[in-house]
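Report on the structure given below.
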Amino acid sequence: MSAIDQLTGEFSKLPGVGTKTALRLVYHLMKGSKDEARRLAAAIRDVADRIRPCGRCGNFSENELCDVCSNPRRDESILCVVEEAYEVGAIERTGEFRGRYHVLGGHLSPLDGIGPEELRIHPLMERVGGDGGVNEIILATSSGVEGEATAVYLESLLRPAGVRVTRLARGIPVGSDLEYVDGSTLAEALAGRREM
């Protein structure tokens with residue numbers, strides 16, 4: 001196998017990158033300077049060597065604890081549960097959430113062989129049951145079938161633990177016309193309506 005084919009194969013394993021896009025990326029690297037390609041290789045190597053899951057929440061971190069978990073100004077009484085670590089960044093970019101996080105590492109998907117044992121549910125229950133003072137759990141799982149099933153399963157475990165369990169609101173995106181909103185999103189928006 002040639003070096004071009006090998007790199008194309010590696011790029012095509014990335015999510016959202018097909019064979020054609022992978023080949024374009026390889027050709028772009030070949031057209032650029034060797035220093036540019038070496039810097040990319042070094043950056044990938046650094047990520048592989050230095051980034052690991054946070055020992056508490058599972059977020060990406062260069063240290064034992066991530067920046068959120070090591071920040072004493074974050075509210076320890078509220079945990080936002082997400083499926084994947086990259087979703088922490090999406091919520092952080094809003095600048096609205098001041099609590100802490102817990103990364104599950106995926107969602108329940110029995111057809112793919114992903115049950116509760118494959119997710120970070122046990123560490124979540126330890127955080128809730130410990131003396132960390134957790135009062136509220138925000139379930140920020142995806143709105144697909146697997147994300148909803150994961151949220152329902154977690155709620156059944158968390159409610160008996162005596163914590164408040166909430167779910168992210170669902171509904172119509174800001175700036176959307178009702179004419180173009182799908183039926184299930186519109187139904188979620190109606191069900192989750194609030195007083196003005």
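Could you tell me whether residue 93 is among the basic types (Lys, Arg), closer than 30 Å to residue 189 by Cα and modelled with pLDDT under 95?
Yes: the conditions hold for residue 93.
Okay, residues lined up against (1) touching a His at 6+ places or on another chain (Cβ under 7 Å); (2) under 30 Å from residue 12 (Cα atoms); (3) surrounded by fewer than 16 Cβ atoms within 10 Å (Cβ to Cβ):
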| residue | (1), (2), (3) |
| --- | --- |
| 34 | no, yes, yes |
| 38 | no, yes, yes |
| 41 | no, yes, yes |
| 45 | no, yes, yes |
| 55 | no, no, yes |
| 59 | no, yes, no |
| 70 | no, no, yes |
| 90 | no, yes, yes |
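Looking at the range 12-26, which of its residues are over 13 Å from residue 37 (Cβ atoms) and either surrounded by fewer than 14 Cβ atoms within 10 Å (Cβ to Cβ) or of a type outside the set (Gly, Ala, Ser) (or both)?
Matches in the range 12-26: 13, 14, 15, 16, 17, 18, 19, 20, 21, 23, 24.
Exactly one condition in (1) charged (D, E, K, R); (2) outside the structural domain of residue 127 (by TED's automatic domain parsing); (3) in contact (Cβ under 8 Å) with a residue 40 or more places away in the chain is not met by residue 83; state its number.
(2)
What do you reckon, is residue 113 modelled with pLDDT under 95 and more than 21 Å from residue 74 (Cβ to Cβ)? Full working, then the answer.
Numbers: modelled with pLDDT under 95: yes; more than 21 Å from residue 74 (Cβ to Cβ): yes.
Judged against the criteria, residue 113 is a match.
Go through (1) touching a helix residue (DSSP H, G or I) at 6+ places or on another chain (Cβ under 8 Å); (2) surrounded by 11 or more Cβ atoms within 10 Å (Cβ to Cβ) and name the single condition residue 178 misses.
(2)
Would the range 48-57 turn up any residue that is over 24 Å from residue 133 (Cα atoms) and of a type in the set (Asp, Glu)?
Yes, there is a match, as at least one residue in the range 48-57 is over 24 Å from residue 133 (Cα atoms) and of a type in the set (Asp, Glu).
Where in the range 1-88 are the helices (runs of 4 or more DSSP H), entirely inside, with at least 2 residues that are closer than 30 Å to residue 104 by Cβ and among the β-branched types (Val, Ile, Thr)? Spell out the reasoning first.
Values: elements: 3-11, 19-31, 34-50.
Hits in the range 1-88: 34-50.
The values are calculated or read from the model by the stated rules, or taken from the named source; none is laboratory data. Since this is a predicted model, take the numbers as computed values, not measurements. All Cβ positions, even for glycine, are placed from backbone atoms using ideal geometry, and neighbour counts span all protein chains on display.
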